[in-house]
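Visitor: Okay, handing you the structure first.
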Amino acid sequence: MAGRGDIGVRIGLSAVIFVLDGPGLSVLTTHAQEVAPGLPFGPFDPTRHRTFELALRAFVTAQTGFRLGFVEQLYTFGDAGRDTPRAAPAGDPARQVSVGYLALTRDALAPPSADARWRPVESFFPWEARRAGRLPLIDEFLAPRLRAWADAEPGERRRRRVEALFALEDDAGWNEAAVLDRYELLYEAGLVAEAARDRPEPPAADDAPLLGQPMESDHRRILATGLGRLRSKLRYRPVLFDLAPETFTLSQLQAAAEAVSGLRLHKQNFRRGVERTGLVAPLGRTTTGTGGRPAELFTARLGAPEDGHAPGLALPALR
């Protein structure tokens, strides 16, 4: 039997829902009054909900008017000191544990709920937007601050992390899937708003604004986990077709891959990689909707592969 001073556990569910919205990747957010945007979030009630996933689908529809398609569990977030999400009653001392889910949709229509909206992912992680090449944000703003932060600790551990995660050397490779690692490093360095909010003493004042749009609770960490998972899955599962339209040109498919990965891809190498996978089939017709010469239309060919493993897409980035 739990003692009087014991702290219980409250289980909540958070949804990271992505859509291709115009030229970029967007995430569904919800708002309560004037607080920072958050992910759709709701409590799990074991007396009412048979499974986590059914509970997630029910409260996302209730909060946003949106019905989920593809859903995959991400991770369980239960660190002590998490800011209490709005779904937990005020003054409740229970430890808040949140089970995060990744969801994808092709439907970029405005959500019917006034408290829900699509927001560009890059507004939360501006350092992840590399489709136009190497970012001045990293070279001019982040690099000097991160190096100064690394030099404040004896040894090479911090500097190695900074150099590897943000590819500060000219010949260093960028790991597009390391979204969470980069966010957590910026948190440690005091360069994101959540760090100032969560620490007893705020970081030293700087002459530049803190990076990206903050989110309530630890929802930006959950979002980083979802974006990293989605980018990783591009390489070994055909998840891009859960976001792309049912018919597309190869240029449109490449644009979708660039929006998700945040990378600028090599056109001919990307097309050769797509053809090798056998994941697309020509429809025998063309479209002039791309603004140039007529382009051939394709659709996804996602039957069960002979070896039981559906391949992903190569991401031949232009460095």
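The values are calculated or read from the model by the stated rules, or taken from the named source; none is laboratory data. Quantities reported herein were computed from a predicted structural model and do not represent experimental measurements. Glycine gets a Cβ as well: all are built from the backbone with ideal geometry, and neighbour counts include every protein chain shown.
Visitor: Quick check on this structure: which one of 111, 144 is closer than 19 Å to residue 36 by Cβ and not charged (D, E, K, R)?
Guide: Values: 144 fails: closer than 19 Å to residue 36 by Cβ.
Going through 111, 144 in turn, the sole match is 111.
Visitor: Okay, next question. Considering only the range 58-69, I want to know if a residue exists there that is surrounded by 15 or more Cβ atoms within 10 Å (Cβ to Cβ), within 30 Å of residue 164 (Cα to Cα), outside the structural domain of residue 168 (by TED's automatic domain parsing) and modelled with pLDDT under 80.
Guide: No: zero hits.
Visitor: Can you run down the residue pairs with Cβ atoms below 8 Å, 6 or more apart or on separate chains, where the first is in the range 98-113 and over 18 Å from residue 56 (Cβ atoms) and the partner is of a type in the set (Ser, Thr, Tyr) and in a strand (DSSP E or B)?
Guide: Qualifying pairs under 8 Å: 108/26.
Visitor: Follow-up question, since we're still on this one. I'd like the residue in the range 70-82 that is surrounded by 15 or more Cβ atoms within 10 Å (Cβ to Cβ) and of a type outside the set (A, V, I, L, M, F, W, C) and, out of all such residues, is modelled with the lowest pLDDT.
Guide: If we take residues in the range 70-82 being surrounded by 15 or more Cβ atoms within 10 Å (Cβ to Cβ) and of a type outside the set (A, V, I, L, M, F, W, C), then 82 is modelled with the lowest pLDDT.
Visitor: Still on this structure: Within the range 12-29, is even one residue part of a loop (DSSP other than H, G, I, E, B), touching a residue at least 40 places away in the same chain (Cβ under 8 Å), out of contact with any strand residue (DSSP E or B) (no Cβ under 6 Å at 6 or more places or on another chain) and under 19 Å from residue 77 (Cβ atoms)?
Guide: Scanning the range 12-29, I find no residue that is part of a loop (DSSP other than H, G, I, E, B), touching a residue at least 40 places away in the same chain (Cβ under 8 Å), out of contact with any strand residue (DSSP E or B) (no Cβ under 6 Å at 6 or more places or on another chain) and under 19 Å from residue 77 (Cβ atoms), so the answer is no.
Visitor: Right, something else. Failed condition for residue 258, given (1) more than 22 Å from residue 103 (Cα to Cα); (2) among the charged types (D, E, K, R); (3) at pLDDT 90 or above, with all others met?
Guide: It fails just one condition, (1).
Residue-wise test of (1) out of contact with any helix residue (DSSP H, G or I) (no Cβ under 7 Å at 6 or more places or on another chain); (2) in the same structural domain as residue 25 (by TED's automatic domain parsing); (3) not in a helix (DSSP H, G or I).
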{"position": "114", "(1), (2), (3)": "yes, yes, yes"}
{"position": "117", "(1), (2), (3)": "yes, yes, yes"}
{"position": "148", "(1), (2), (3)": "yes, no, no"}
{"position": "158", "(1), (2), (3)": "no, no, no"}
{"position": "163", "(1), (2), (3)": "yes, no, no"}
{"position": "169", "(1), (2), (3)": "no, no, yes"}
{"position": "175", "(1), (2), (3)": "yes, no, yes"}
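Visitor: Checking the conditions here, which among 120, 126 is at pLDDT 90 or above and closer than 26 Å to residue 70 by Cβ?
Guide: Details: 126 fails: closer than 26 Å to residue 70 by Cβ.
Going through 120, 126 in turn, the sole match is 120.
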